[in-house]
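The values are calculated or read from the model by the stated rules, or taken from the named source; none is laboratory data. Note that the structure is predicted; figures quoted are calculated from it, not measured. Virtual Cβ from ideal backbone geometry, glycine too; neighbours counted across all protein chains shown.
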Amino acid sequence: MSIVIGSRKSHLAQVQAQKVKSVFHDKHPNLDTELYLRPSYGDLNLDMDLSKTDQKGVFTQDFLELLENGGCDMVVHSWKDLPIEDTGTTRIVSTLDREDSRDLFLIKKDSMKKKKWNILTSSPRREFNLKSFFDFLSDSKQDLSFSPIRGNIPTRFEKFMKDESADGFCVALAAVKRLKDFKDFNEENPGIWDRLDQLCSWCVLPESYCPSAAAQGALAIEVLNTNTKVIENVKAISHLKVFDAVVKEREILKGHGGGCHLAVGATVLPHELGELKFTAGNVDGKIFRSQVFTPTKKYPKKIESSKIWLSSKEVVSKRNKLSQPKLSLGRKAYVATKYEGLESFFNKETESDVIFAAGLKTWKKFYSEGVWIHGCLDNLGETNFVPDVLQTGFEKIWLTRKGVEGPRGFKTLETYDLESSVDPETFKNKDYFVWTSGEFFADCLKNHPELKTKYHFLGMGRSRDALSTSLTDGVEVWPHYTVEQILEDISL
């Protein structure tokens, strides 16, 4: 007897079900499994406006009935498709490790200089995120309009490419990454990535500013409550940290009323140093946005702000541009940690290169100077760098200051030298020190040993990586995500 795994019949649903089948078989090699694929109500009714419909679970209700009727033993869903409310007869038992939860924005190259963009999306959340984000990037306020789009991934890609009135299109990056390696999808849609790459530029939207749909990129494995044996087997393949994060995201959405008709994004990111929670949206005309970092290591007690020292305020810095060597031909993928010193480094129209910024401020500066940026690290380090979206084979280059080594797997290119100084008198009567540079913190620890008895707060990305264990041995150091938040967390 086989364990039957139910799933929608779309390409994306198939690759997700195949992944669950493979992981389940690896964990339970003595159990036979088979897939049962069928279209859902939502797949068969493409004229439905998902942002306005009252229909609950248009992609999942058919499979709930299938479970209840014994037609399958478990169902694999894109978790974001599931209604917020529990069914009462089934439960989400498990999830796998999460694919990238961010959104991918595609813009036709011929449209990039237009003042007005028509963007295809049926998601109120994506409309809110895109409008907010490009308002943030551009002082001239890019004019955006939106048109609905339905269908599976290849259908939506084709509609976008053929629609002369469409300038932009937004899709889950997880969908693109899963389909890139799916043989059946690419055989039925030959050359789609080449065509998209030739037609479009793209950017990965930053979750700190554009949080994704609750549960985006995560799979949900649904089982009947009474099927205890299958529940036990399925629980054994669950990724617990992802499961916990997704439940928290859905609770945030539920707190605003729940449903895909809401312009609400919620992303919870487990991190080795703690947990990040990004939320943003517009509910009944009330706009909200928050970035909350909860460290694993509890912050010390709050103190008067007069006893807090800020490197961003006290350090005097000057960046000097360095001459650049001639680079070899071929696709390049750059990470730019700062804008200064790079004014002439990039062409205004870089056709084959990918450029990521370290954070949003650097992205905004590049954008204001006419340089298209493909994403940012969100101040979390190189793990957020994904240049191989439509095409592959990029040489990865880390653009940084003199004397700073880039991460493993990157070629380091020094683009500027940094002259920094600080008056030690500013250290007096300070107990908490908030740093924006790991290298400068390390230099100060060497030159001013009295700082080793103080409390220090440092960013979560490359700033923290700059410190060696021996250097910080016995020194109290806590991570922070933004200077604004850490000041709120440690100031009376």
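Below, the figures for the structure above:
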quantity: Pairs with Cβ under 7 Å, 6+ apart, first in the range 384-408 and closer than 23 Å to Asp100 by Cα, second acidic (Asp, Glu) and modelled with pLDDT of 90 or more; calculated: Asn384/Asp378; Val386/Asp100; Leu390/Asp197; Gln391/Asp197; Phe394/Asp388
quantity: Filter result (part of a loop (DSSP other than H, G, I, E, B) and in contact with a Gly (Cβ under 7 Å, 6 or more places away or on another chain)) within the range 72-100; calculated: Cys72, Leu82, Pro83, Ile84, Arg98, Glu99, Asp100
quantity: Matching residues, the range 98-117, being of a type in the set (Lys, Arg), farther than 19 Å from Lys159 by Cα and out of contact with any helix residue (DSSP H, G or I) (no Cβ under 6 Å at 6 or more places or on another chain); calculated: Lys113, Lys114, Lys115, Lys116
quantity: Qualifying position, being closer than 16 Å to Glu439 by Cβ and out of contact with any Ser or Thr (no Cβ under 6 Å at 6 or more places or on another chain), among Glu405, Glu419, Glu369; calculated: Glu419
quantity: Test result for Phe133, touching a Cys at 6+ places or on another chain (Cβ under 7 Å) and either assigned to a helix (DSSP H, G or I) or modelled with pLDDT under 95 (or both); calculated: yes
quantity: Checklist (1) in contact with a strand residue (DSSP E or B) (Cβ under 7 Å, 6 or more places away or on another chain); (2) within 22 Å of Ala13 (Cα to Cα); (3) part of a loop (DSSP other than H, G, I, E, B) applied to Ser122, failing item; calculated: (1)
quantity: Conditions (1) within 25 Å of the chain's Cα centre (by Cα); (2) outside the structural domain of Ile107 (by TED's automatic domain parsing); (3) not β-branched (Val, Ile, Thr); number of the one not met by Gln198; calculated: (2)
quantity: The range 380-395, residues that are over 30 Å from Asn186 (Cα atoms) and surrounded by fewer than 21 Cβ atoms within 10 Å (Cβ to Cβ); calculated: Gly381
quantity: Tally of residues being within 24 Å of Leu12 (Cα to Cα) and among the basic types (Lys, Arg) across the range 217-271; calculated: 3
quantity: Which numbered condition Asn429 fails, given (1) in a strand (DSSP E or B); (2) at positive phi; calculated: (1)
quantity: Pairs, first in the same structural domain as Tyr367 (by TED's automatic domain parsing) in the range 326-354, second at pLDDT below 75 and loosely packed, with under 11 Cβ neighbours inside 10 Å, C-beta under 9 Å, six or more apart; calculated: Asp353/Asn347
quantity: 3 or more residues modelled with pLDDT of 95 or more: qualifying strands (runs of 3 or more DSSP E) within the range 264-359; calculated: 274-283, 286-295, 308-310
quantity: Pick from the range 135-153, criterion in contact with a Phe, Trp or Tyr (Cβ under 7 Å, 6 or more places away or on another chain) and over 20 Å from Pro124 (Cβ atoms), ranking: surrounded by the most Cβ atoms within 10 Å (Cβ to Cβ); calculated: Leu137
quantity: Residues of the range 236-263 satisfying the condition of being charged (D, E, K, R) and either more than 23 Å from Lys21 (Cα to Cα) or surrounded by 20 or more Cβ atoms within 10 Å (Cβ to Cβ) (or both); calculated: Lys248, Glu249, Arg250, Glu251, Lys254
quantity: Scope the range 398-426; condition part of a strand (DSSP E or B) and under 21 Å from the mean Cα position of the chain (by Cα); matching residues; calculated: Trp398
quantity: Top-ranked residue in the range 271-287 [being in contact with a strand residue (DSSP E or B) (Cβ under 6 Å, 6 or more places away or on another chain) and not charged (D, E, K, R); ranked as nearest to Ile252 (Cα to Cα)]; calculated: Thr279
